[in-house]
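Worksheet: the structure to be examined is printed underneath.
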Amino acid sequence: MAYKYKEVANTLRHQIQNGQYEPGELMPDQNQIAKNFNTTRITVHKALQLLMVEGMVYSKRGSGTYVRKDYVPNQHSDNFGKVSPIDKPFGATMTNQGKTVTSKVLELSARIPTKDEADKLIIQPTEPVYVIRRVRYVNGKIFAYEHTIMPTAITTLTEDILEKSIYGHLQQEGLSIEGTHRIVHADKADHTDVDTGIAKKIGEPVLVINQLSYLDDGQPFEISESRFPYQTSRLTADITL
């Protein structure tokens, strides 16, 4: 299926590649782009988010969307716009195939989203979201602590599902995961890290991954933060130049 937001993203991508919008340049606002493409502002928002995931543009609150200053136009690059392996949101179960992945569910509740959550998930401020907290284990050893916010309209979740694989459940529901915007950084362990076993003491280093993930129709379905013990955490990325 050819989604409208992908058509908009493809056209904007080509315009940036062709130099119609220069690195660092402010792009038209979303209402103007929607008018140009005879579509809705939500569709444009999804298209721009896709370009953000690809590292082509960035959004500045209160100012607009800009082409990244470090972007170098290259119309002949076959790799441009592809999500690198480190950014693919496979989940713990998929990335640890052949191993036993289990979960300890700490929380499964629902509430009204914060303004920031509603904006990122492109939902109404009155639409409820799941609050999910769980500790993941691989072959019986602590792998990560996950804190996830997900719209309840996406799917129905139970503790039984959370003890297994959320992404596997989404696929069984016929939902296809398109990509993710991921930020990886280091942090100092807090009380939650110690309580969940991610760290032995407060202040110890932990690896943190924050991500916003999307379905293939452009709908964001997950805001999550995963925290990993520094002793067993390693990121590997294959980079093609």
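Quick notes on this structure:
- Region 38-58 - residue that is polar (S, T, N, Q) and surrounded by fewer than 16 Cβ atoms within 10 Å (Cβ to Cβ) and, of those, nearest to the chain's Cα centre (by Cα): 40
- Being closer than 30 Å to residue 4 by Cβ and not hydroxyl-bearing (Ser, Thr, Tyr) holds for only one residue in 199, 153, 144, 186, and it is 153.
- Count of region 140-175 residues which are within 26 Å of residue 114 (Cα to Cα) and among the aromatic types (Phe, Trp, Tyr): 2
- Count of region 22-37 residues which are surrounded by 16 or more Cβ atoms within 10 Å (Cβ to Cβ) and either in a helix (DSSP H, G or I) or at pLDDT below 90 (or both): 4
- Test: residue 9 is more than 30 Å from residue 133 (Cα to Cα), modelled with pLDDT of 90 or more and of a type in the set (Gly, Ala, Ser): yes
- Every test in (1) at pLDDT below 75; (2) over 29 Å from residue 227 (Cα atoms) is passed by residue 65 save one, and that test is (1).
- Filter pass, residue 93 being modelled with pLDDT under 90 and assigned by TED's automatic domain parsing to the domain that holds residue 212: yes
- Those residues of region 108-136 which are in a strand (DSSP E or B) and over 28 Å from residue 60 (Cβ atoms), in sequence order: 108, 109, 110, 111, 130, 131, 132, 133, 134, 135, 136
- Tallying residues that are among the acidic types (Asp, Glu) and under 29 Å from residue 48 (Cα atoms) within region 150-209 yields 2.
- For region 120-134, taking the residues that are in contact with a helix residue (DSSP H, G or I) (Cβ under 8 Å, 6 or more places away or on another chain) and surrounded by fewer than 19 Cβ atoms within 10 Å (Cβ to Cβ), the one that is modelled with the highest pLDDT is identified as 127.
- Restricting region 2-21 to residues that are part of a loop (DSSP other than H, G, I, E, B) and free of Cβ contacts under 8 Å to residues at least 40 places away in the same chain, the residue that is nearest to residue 216 (Cα to Cα): 2
The values are calculated or read from the model by the stated rules, or taken from the named source; none is laboratory data. Every value quoted in this text rests on a predicted model; they were computed, and no experiment measured them. Counting neighbours? That spans all protein chains shown, and the Cβs are built from the backbone with ideal geometry, glycine included.
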